[in-house]
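The values are calculated or read from the model by the stated rules, or taken from the named source; none is laboratory data. Bear in mind the structure is a predicted one, so any value in this text is a computation, not a measurement. Cβ: placed from backbone, ideal geometry, glycine included. Neighbour counts: every protein chain shown. Note: accessible area is taken over every heavy atom of the protein model, side chains too, but ligands, DNA and RNA are not part of it. Shrake-Rupley method; radii C 1.70, N 1.55, O 1.52, S 1.80 Å.
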Amino acid sequence: MLATTAMLAHPLMADEVKAQAKPASSVAEAFTDGAVKFQFRYRFENVDQKNALNDANASTLKSRIIYNTKKYRDLTAMVEVDDVTAIGNDGYYSLRNDQAGKRSVVADPEGTEINQAWINYSGVDDTNIKYGRQRINLDNQRFIGGVGWRQNEQTYDGLHVSNASVKDLELSYAYIYNVNRIFGPDEAASGQPPADLDSRAHVINAQYKGLPLGTLSAYGYLLDFKDADELSNKTLGVRFSGKQKIDNDFSALYTLEYAMQDDYGDNISYDADYYLLEGGVSFQNITAKIGYEVLEGDPAEGDPENDRAFITPLATLHKFQGWADQFLGTPGSGIEDTYVHASVKAFGATMTAVYHEFDMESGGGSHGDELDVAIVKKFSKHVTGLLKYADYNADQSNVDTEKLWIQAVISF
């Protein structure tokens, strides 16, 4: 939905840096001739909320080193290490420091950890088998994603198998036994929210690109979290998205999606649905879209502690329902998000504006509205800059919130 935000997350995002095309002739060569990449992402984030908390001013640097081996006998491996450091005084509540109850939250705790470490086998035709700590981004990341916007990315420990042996069809299955969340690293595991989720998750996705009008996806996500029963759920859905050229200048854009969700694992009984309807046009360097996204609520009569709603606990949530991140968890009343999105490419930059109206899906009422704007510019092959702003006006939920980001990324 918000391509700009996804692009900002990781300029290196060819998912991982690929090893050189020519295979190694020995194990030693696979390691000694491997590829090394570096990325540095500096960000200043200001949060101003109309409550008793002082403004947050987070100045953080993420330093990343990536190492990929060359392929040897259809095997490749990679290791990616991230370090997040606060520059100057940590004038924000990271959910791990001593600023609780004093300053607003910026969920970028300090720490160093292995972000990815996997081995991949591609010796079976059109099949990849990857085991270890890895990035998994499916469809538009509404259900399974990496939260690449935050300084500490979300990755997954497990087995991921993908197959493309049938023309235009890609099948994907992952078994995830641990989720490395943005609240890490591991040494902060005793804090809340937890840095990791112990899981027994089965993630199935099929994507077919052979239709004349677009791509059809079907998915089933069975998420069982051993220490977070309230997040466990079973989601089955279908998504269709496409772009149809009208003439040399105009194209029509459209997306339809529906999913049903109910309890799974040890969660209490509930059921809720998800709907997305989005349409738009692109004209030369201008794109405009209007959308309607619904996450149903399932309130428990007279028992608000057991309210449930359609949830997406493994999503890249910052891409959806406003950049101010006021709906990282779906309230029991659900959410209806009506939004207008416009972007233009000019002067070597991409400028984006999004307006949201948030309503309660059940019981009536309004959650508020939000305006988001961003400018992204690539200054050179190695340097990208960002200026971004979000203004959430509360109604019957949350509090008025403004956020400002200034970011620079250097990669080589």
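Just a few scattered comments:
- Set of lysines with alpha-carbon distance to residue 50 below 19 Å, sequence-local pairs under 8 removed: 102, 403
- Antiparallel DSSP beta bridges within the chain, percent to nearest 5: 100 percent
- If you take all other residues with their beta carbon under 10 Å from the beta carbon of residue 291, and give Lys and Arg +1 and Asp and Glu -1, the sum is -2.
- Sulfur and carbon atoms: percent of accessible area, region 262-412 [1.4 Å]: 57 percent
- Residue by residue, region 65-70 carries 3J(HN,Hα) couplings of 10, 10, 10, 10, 6, 6 Hz when phi is fed to the Karplus relation 6.51 cos²θ - 1.76 cosθ + 1.60 (θ = phi - 60°); x denotes Gly or Pro.
- Measuring only protein heavy atoms, the 1.4 Å probe finds residue 202 accessible over about 70 Å².
- Computed over protein heavy atoms with a 1.4 angstrom probe, the accessible surface ordering of 360, 351, largest first, is 351, 360.
- Rough spin-label spacing in nm, given labels placed 7 Å along Cα→Cβ, for residue 44 and residue 102: 2.1 nm
- The chain: relative contact order in percent, alpha carbon pairs under 8 Å with at least 6 residues between: 12 percent
- Measuring nothing but alpha carbons in region 22-168 and taking Rh as the Kirkwood radius, the Rg to Rh ratio lands at 1.10.
- Karplus-derived 3J(HN,Hα), 6.51/-1.76/1.60, for each residue of region 214-224, Hz, glycine and proline x: x, 10, 10, 10, 10, 8, x, 10, 10, 10, 10
- Per residue of the chain, the DSSP helices (runs of n ≥ 4 H) give a summed -39500 (n - 2.57) that works out to -1000 deg cm²/dmol at 222 nm.
- Bridging of residue 243 to aspartates and glutamates at a Cα separation below 20 Å is possible for 139, 168, 170, 257, 278, 293, once same-chain residues fewer than 8 apart are set aside.
- By accessible area with a 1.4 Å probe, ligands and nucleic acids excluded, highest first: order of 243, 22, 71: 22, 243, 71
- The 3J(HN,Hα) values that the Karplus relation (6.51, -1.76, 1.60; θ = phi - 60°) gives for region 88-104 are, in residue order, x, 6, 7, x, 7, 8, 8, 6, 10, 9, 9, 9, 4, x, 10, 10, 5 Hz. Gly and Pro appear as x.
- If you take the Cα centroid of region 297-319 and the Cα centroid of region 73-140, the two points sit 26 Å apart.
- What the chain shows is 45 Å² of accessible area per residue, with the surface traced by a 1.4 Å probe over protein heavy atoms.
- Here the scattering of the chain is modelled by Debye summation over its C-alpha atoms, one equal scatterer each and no solvent; at q = 0.09, 0.11, 0.14 Å⁻¹ the log10 of I(q)/I(0) is -0.58, -0.89, -1.55.
- Coarse-grained scattering of region 319-412 at q = 0.17, 0.24, 0.25 Å⁻¹, given as base-10 log I(q)/I(0) from a Debye sum over alpha-carbon atoms: -0.76, -1.16, -1.22
- About its Cα centre, the chain has a charge dipole of approximately 2460 debye under the convention of +1 per Lys or Arg Cβ and -1 per Asp or Glu Cβ, with nothing else charged.
- Cross-link partners of residue 22 among aspartates and glutamates (Cα-Cα below 13 Å; sequence separation of 8 or more within a chain): 33, 74
- Remark: the residue 284-residue 162 segment gains 40.4 nm on full extension, using 0.36 nm per residue and subtracting the alpha carbon distance.
- Accessible heavy-atom area order of 339, 208, highest first, probe of 1.4 Å: 208, 339
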